[in-house]
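Colleague: Before I ask anything, let me first share the structure, which is written out below as structure tokens.
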Amino acid sequence: MFYLEFKRSIHNRTIIYLMTVTAVAFVMGWALPFSLEHITAIEYNYYMFSTYTVFTQFGFLLFGFVTSYFFNKDYKDKNTIFYSCFKISVLKYYMIKISILFIEELICIAGGLLIVGVLFDSLEYFLSSFLLYTAVVFQYFIVVGAISLIFKSLLISLGASIIYWISSIVIVSFGGICKYFAVFDASNSLYSHVEKYFSQGISVPAAEFTEPVIGFGLLLIIALIIIFGTSKKWIKKGL
Amino acid sequence: MKLSNFNLSIENKKLLTDVNVEFSEGKINHILGKNGVGKSIFAKSLMLDNENITVIGSYSNVPEDITFNELRKVLIKKFDMNKVDHLCSILNISNIDEKIILKKLSDGQRQKIKILVFLLFDKDIIILDEVTNALDKTTSYEIYELFNDYIKKNPKKVILNITHNLSDLNNMDGEYYLFEDYDIKKYSNRKELIDLYINGGN
């Protein structure tokens with residue numbers, strides 16, 4: 001079934017959408033410092049940080065549509081019986097879909113970073129940027145994928161995802177335990193450590209990574225609750 | 001397949017009340033009914049309650065953003081290759097262009113592929129919901145031939161054919177039922193059912 005889903009993602013242009021939004025993120029990472037900070041030239045390290053900022057601040061909007069589209073298409077096309085005949089549970093379905101999106105996005109990000117590396121003649125920040133960007137995007141896939149299981153309509157899924165995104169930004173601003181709702185948000189301490197890493201070369205303390213780990217754990221728990229909550233209605237929704 | 005005191009409703013609207021009906025094994029059980037009486041909801045409810053039922057209708061689709069070749073690979077991995085190829089040959093779909101995605105094939109070819117996939121799962125009860133709707137005569141006859149042959153070779157299976165198309169009744173022998181007045185009633189012959197369906201028995 002993984003093979004089938006991979007092929008579907010090519011034919012229904014999901015992979016093209018991923019490549020496009022990833023390219024848009026890299027372009028915004030380059031363009032925004034020129035327009036907002038009125039700089040005349042951009043260094044490699046600053047460009048990598050600027051692109052990281054784009055992924056964290058605009059990623060939900062950029063990757064929300066493609067994720068919802070990839071999931072909601074099966075409700076719209078009435079395919080859920082097909083999966084149930086193959087004994088694919090909602091959990092397995094969700095994991096296959098997320099894996100496909102994640103693997104294809106890994107390739108897109110790696111490709112983007114390689115091109116940037118060639119242009120700047122340096123791969124110094126390739127690995128760190130790769131890990132940071134993919135971690136940020138992975139959380140969008142987890143959240144939007146789970147939300148898209150709840151709603152039959154692509155537009156409602158998108159709307160609910162945006163409401164979640166805005167709510168998480170507001171909740172994070174309260175600090176304390178609330179910071180785990182959007183671990184990569186600029187208001188969290190991880191962001192300022194990443195900034196120091198790119199601007200001054202100061203390593204991010206290992207303890208700072210506990211926040212994303214806990215944040216991902218919480219997201220996965222929420223996703224699992226949604227998945228098990230929708231398991232009985234999943235086939236019905238796709239009829 | 002026997003339904004006893006079967007009730008069905010949707011959003012407080014009654015569709016079937018205390019229905020007692022038996023559908024025969026080894027036969028194609030045709031169910032006629034006017035639009036809006038709840039035939040498709042009946043099919044969906046049966047399928048959702050019983051894992052041994054498959055439905056071939058407009059709401060049970062095969063993903064269409066794949067090529068036939070890709071789908072065939074998945075089917076061969078799960079089912080016996082000879083079985084897949086045998087059904088392909090009966091359905092006359094062995095010659096489909098394997099590089100074109102299913103979405104771009106004709107309605108008839110897509111319908112045949114759907115029949116191929118859902119029949120392979122070999123469920124005991126097969127519900128056909130408007131399976132020849134909007135198909136040309138040649139494709140409809142190929143589908144009739146397939147199900148006539150299929151039920152002969154599988155006498156333990158039950159096929160329910162929900163239809164508006166009276167040609168289905170003329171080309172596939174079986175038993176005849178009318179879905180109306182919150183009930184499913186059996187009729188002894190095709191002529192009586194068609195007469196009642198078209199003229200209301202007058």
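Where a number appears in this text, it was derived from the coordinates with a stated rule and is not lab data. From a predicted model like this one, the values you see are computed outputs, not experimental measurements. Ideal geometry is used to build each Cβ from the backbone, glycine not excepted, and the neighbour counts take in all protein chains shown.
Colleague: Positive end of the charge dipole of chain B (Lys, Arg +1 and Asp, Glu -1 on Cβ, about the Cα centre): tell me which of B:Ser40, B:Ile127, B:Asn52 has its Cα farthest that way.
Modeller: B:Asn52
Colleague: Can you work out the Karplus-derived ³J(HN,Hα) for every residue in the range A:176-183? Use 6.51 cos²θ - 1.76 cosθ + 1.60 with θ = phi - 60°, whole Hz, and x for glycine or proline.
Modeller: Once rounded to whole Hz, the list reads x, 5, 5, 4, 6, 6, 8, 5.
Colleague: Then there is this: Quick check: the angle from helix B:39-49's long axis to the longest principal axis of chain B, C-alpha only, nearest 10 degrees?
Modeller: The angle comes out near 70 degrees.
Colleague: Another question, then. DSSP loop chymotrypsin sites (Phe, Trp or Tyr not before Pro) in the range A:125-214 with at most 15 other Cβ atoms within 10 Å of their Cβ, which ones?
Modeller: A:Phe174
Colleague: Helix A:189-200 versus the longest principal axis of chain A: what angle, 0 to 90°, nearest 10, using Cα atoms?
Modeller: 40
Colleague: Fewest first, what order do B:Val55, A:Val116 take by the number of other Cβ atoms within 10 Å?
Modeller: A:Val116, B:Val55
Colleague: Here is a further query. Name the residue farthest towards the positive end of the dipole of the range A:2-237 from the options A:Ser9, A:Tyr125, A:Leu61, assuming +1 on Cβ of Lys and Arg, -1 on Cβ of Asp and Glu, about the Cα centre.
Modeller: A:Ser9
Colleague: Something else: Would you calculate a helix-derived [θ] at 222 nm for the protein assembly as shown, using -39,500 (n - 2.57) for each DSSP H run of n ≥ 4 and dividing by the full residue count, to the nearest 500?
Modeller: The per-residue figure over the protein assembly as shown is -20000 deg cm²/dmol.
Colleague: In peptide B:53-65, how many Cβ atoms from other protein chains are near each Cβ within 10 Å, on average?
Modeller: 5
Colleague: When ranked by the protection proxy of mean other Cβ atoms within 10 Å per residue, highest first, what sequence do the peptides A:228-238, A:79-89 form?
Modeller: Top of the packing list down: A:79-89, A:228-238.
Colleague: Between the range B:30-70 and the range A:188-214, what's the alpha-carbon centroid distance in Å?
Modeller: 53
Colleague: In whole percent, what relative contact order does the range B:1-121 give with Cα contacts below 8 Å and a gap of six or more residues?
Modeller: 20 percent.
Colleague: Which entries in A:Lys87/B:Lys34; A:Lys87/B:Lys157; A:Lys152/B:Lys39 show an alpha-carbon gap greater than 25 Å?
Modeller: A:Lys87/B:Lys34
Colleague: Taking amide H positions as placed 1.01 Å from N in the peptide plane, with prolines and chain starts having none, which residues 5 or more places from B:Tyr187, or on another chain, fall under 5 Å of its amide H?
Modeller: B:Tyr176, B:Tyr177, B:Leu178
Colleague: Obtain the nm distance between the two label points defined at B:Lys13 and A:Phe58 by a simple spin-label model: each point lies 7 Å from its Cα along the Cα-to-C-beta direction.
Modeller: That separation, rounded to one decimal, is 4.7 nm.
Colleague: Give the residue list of GluC sites (Glu not before Pro) in the range B:53-160 that are DSSP loop and have at most 14 other beta-carbon atoms within 10 angstrom.
Modeller: In loop regions of the range B:53-160 (DSSP not H, G, I, E or B), the sparsely surrounded GluC sites (Glu not before Pro) are B:Glu98.
Colleague: Round to the nearest 0.05 the FRET efficiency obtained for B:Asp85 and B:Asn171 when R0 = 25 Å and r is the Cβ-Cβ distance.
Modeller: After rounding to 0.05, the efficiency reads 0.45.
Colleague: Got a sec to turn the phi values of the range A:54-71 into Karplus ³J(HN,Hα) couplings, 6.51 cos²θ - 1.76 cosθ + 1.60 with θ = phi - 60°, whole Hz, x for Gly and Pro?
Modeller: Once rounded to whole Hz, the list reads 4, 4, 6, 8, 10, x, 4, 5, 5, 9, x, 5, 5, 5, 4, 4, 4, 7.
Colleague: Here's something else I'd like to know. Which FRET efficiency value, to the nearest 0.05, is calculated for A:Lys152 and A:Ser187 with the Förster distance at 56 angstrom and r the Cβ-Cβ distance?
Modeller: Efficiency for this residue pair is about 0.95.
Colleague: Moving to a separate point now. Assuming R0 = 30 Å, what is the FRET efficiency of B:Lys152 and B:Glu192, from their Cβ-Cβ distance, to the nearest 0.05?
Modeller: 0.75
Colleague: Run the dipole for the range A:2-237 about the Cα centre, Lys and Arg Cβ at +1, Asp and Glu Cβ at -1, nothing else charged, and hand back the magnitude in debye, nearest 20.
Modeller: So the magnitude is around 1600 debye.
Colleague: What percent does the relative contact order of chain B come to when contacts are Cα pairs within less than 8 Å and at least six residues apart?
Modeller: Relative CO of chain B lands at 33 percent.
Colleague: As an exercise, identify the trypsin sites (Lys or Arg not before Pro) in the range B:103-202 lying in DSSP coil whose Cβ has no more than 15 other Cβ atoms within 10 Å. Present the calculation step by step, with values, prior to reporting the outcome.
Modeller: Values: sites: B:Lys103, B:Lys104, B:Arg110, B:Lys112, B:Lys114, B:Lys123, B:Lys137, B:Lys152, B:Lys153, B:Lys156, B:Lys157, B:Lys185, B:Lys186, B:Arg190, B:Lys191; in loops: B:Lys123, B:Lys156, B:Lys157.
Those that pass, being in a loop and sparsely packed, are B:Lys156.
Colleague: Right, next: Return the lysines within reach of B:Lys99: Cα separation strictly under 20 angstrom, same-chain partners fewer than 8 residues apart disregarded; answer none if there are no such residues.
Modeller: Hits, sequence-local ones excluded: A:Lys7, B:Lys73, B:Lys77, B:Lys112, B:Lys114.
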